[in-house]
Every structure is written in structure tokens, then in C-alpha cells.
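The values are calculated or read from the model by the stated rules, or taken from the named source; none is laboratory data. On a predicted model such as this, the values are computed, not experimentally measured, just so you know. Quick reminder, even Gly has a Cβ in these numbers, built from the backbone with ideal geometry, and neighbours come from all protein chains shown. Heavy atoms of the whole protein, side chains included, go into the accessibility calculation; ligands, DNA and RNA do not. Shrake-Rupley method; radii C 1.70, N 1.55, O 1.52, S 1.80 Å.
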Amino acid sequence: MRKFIVGNWKMNGMSSDLDEIVAISAVAQLHPSVDSALCIPATLIDRAVTAVGAFPIGSQDCHMQRAGAHTGCVSGDMLLDAGAVLTIIGHSERRAAQQEQDSDIRAKAEAAKAAGLKTIICVGETLDEREAGKALDIVLGQVAHSLPEAAAGDWLSLAYEPVWAIGTGRVAEPTDVADMHAAIRAALVARFGAEGEKIRILYGGSMNGDNAAVLLALPNVDGGLIGGASLTAAKFQPILAAAQVSGE
Ligand code: 13P
């Protein structure tokens, strides 16, 4: 399976950052055996797509309706119209701050698929949940309830992002990552059969150029969802290089 390395710029990115996006797309071209993409604020998508050409640009959310009275929201059709080819759905920051529920995330993923966007659905436990020994139950519950029935197919990837590892510099232990990814894989295969083998499972949470090689070499770690270390080409490039090596 080709590795999939995706940058999540979160609420960062102004017109003055377009040059950095172009630089990231240029380093991505140096690693043709790795699939990569950048998910940026909706305000920048159109200009970024014009600037980078074929490099995949995505969004960080997508409304479940195609159009209508939803002030402030952006639909999958609109994102596609702006030139996006993928979207992140159900990031833990949105599950927490926008109170997104598994059922919302499932509906948004269905809408993204209908619009023709590749989709990354995020799952992950909080520190309290991990310390209470509930990490597996929480994550497998999110997987069960956030994925649409028609989940199989290469339009979909999952990202396991332990909430306590996001933006903290604290990376999950490789054994814990491997265990969680194996459990997610087993759930996908139980539900979708052989197609469940093909859904890429990314790890996210303080992944950077120093730890990417170890994480990306783990079984069932098919890529990474990168926050802070995706903001510059200089930080993103070593992750792409590690993905290239682990994919060989
Ligand atoms: P960091 O890489 O900054 O920890 O962010 C991870 C993340 O939330 C990606 O979606």
C-alpha cells in the first residue's frame, strides 16, 4: 500500500503563505512513490490550487448538505468547485469545539463522497479515556459509528489521532500505535471484508521528521496526518522521505 502523508494546516494560512504551499508541493514531487496532500483553510483553496497545479489540496471540514440555509458553512460541492480534491472530517478539535457527533461525521463523510472528495475520517481517545483503559472501546466505537455503510473504496482513509498527542510533542508509544491500528484494521475487515484491507489508516499526533520513520514502519500505519510539521516544506520533507523509505 502506498503511504499517504497529509498536512493539516488547521486555522493557519494567509495569502503570504502561498509560496510555502508551492514549496511543499515541490518537495512532494521529489517523492513520487508517496501520496501526499495539504488540507488548508477554505479561504485559500482556490488560490493554492491555482498556484500548485496538480498537487492535491483539501479542506478540513465539509457540511452534510449540498446547499441551503446554513450560515457560515461550506459544502462538498463548493469545495470541489474551489478545486479541492479531499477533505478531513471529524477531527478531534471539531468533535470537541463544534460538538460534532459520530452521526454528524458519518453524514459529512457521505456528503463528501457524494461530492467526489476523498475523505479522511479522524478518530482518537482523550487522555482521560486512555488512562481509564477505555481507549480501544472509544476508538472502535468511533470507527463503528462514524463510517458510512458505503465506506469501502479508495475514497476513504482513517486517521487515528490520540487527542493527547496532538500539538503536545508527546507521541504515542509505537506499541500502542501498532495495537490500535491492528484493532482498527480488524474492525474494518470484519465489516467490509477484503475491501477493509485497502482502507489506509494514518497516524496523527506530533509526527515529525524525527519520529516518522519509526511510526511509518509499524504494521497497518499507512501514512500520517501532520499538523505543526506540515507548515513548512523544510519540516514536511523529512516525513515524506521517511514514508518513501518505509514504502519501499
Ligand atoms: P500535530 O502534528 O501538530 O500534533 O497535529 C496533529 C493533527 O491534529 C493533525 O490533524
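Quick notes
- Charge dipole (the range 89-248, unit charges on Cβ, about Cα centre) - positive-most of Ala187, Val123, Ala109: Ala109
- Segment Thr43-Asp81, extension gain: residue separation times 0.36 nm, minus the distance between their alpha carbons: 12.4 nm
- GluC sites (Glu not before Pro) within the range 123-177: DSSP coil, no more than 11 neighbouring Cβ in 10 Å: Glu149
- Volume of the Cα convex hull of the chain, divided per residue and given in Å³: 113 Å³
- Mean-square fluctuations from a GNM of the chain, with a 10 angstrom spring cutoff on Cα atoms, peak among Met11, Met207, Met78 at Met11.
- Accessible surface computed residue by residue for the chain, with neighbouring protein chains in place and a 1.4 Å probe, gives 44 Å² per residue.
- Chain lengthening between Ala234 and Ser33 when straightened (0.36 nm per residue, less Cα-Cα): 70.5 nm
- A convex hull fitted to the Cα coordinates of the range 70-135 yields 94 cubic angstrom per residue.
- Annotation: the range 1-44 has a Kirkwood hydrodynamic radius of 11.3 angstrom, from the mean reciprocal C-alpha pair distance.
- Where a label projected 7 Å from the Cα of Arg66 along Cα→Cβ would reach, residues of the range 102-125 with amide N under 15 Å: 110-117
- Applying the criteria of a DSSP loop state and at most 13 other Cβ atoms within 10 Å to the trypsin sites (Lys or Arg not before Pro) of the range 108-160 yields no site.
- Evaluated at q = 0.18, 0.25, 0.27 Å⁻¹, a Debye calculation over the C-alpha positions of the range 16-66 (equal weights, vacuum) places log10 I(q)/I(0) at -0.57, -0.95, -1.06.
- In plain terms, if you count all Cα to Cα distances in the range 155-240 and split them into 5 Å steps from zero, the share in each step is 3, 16, 26, 24, 16, 10, 5, 1, 0 percent.
- Estimated FRET transfer efficiency (Val214, Ala186; beta-carbon r; R0 30 Å; 0.05): 0.85
- In nm, spacing of pseudo-spin labels at Ala51 and Leu140 (7 Å Cα→C-beta vector): 4.4 nm
- For Ile226, distant residues with modelled amide H under 5 Å away: Val6, Gly7, Asn8
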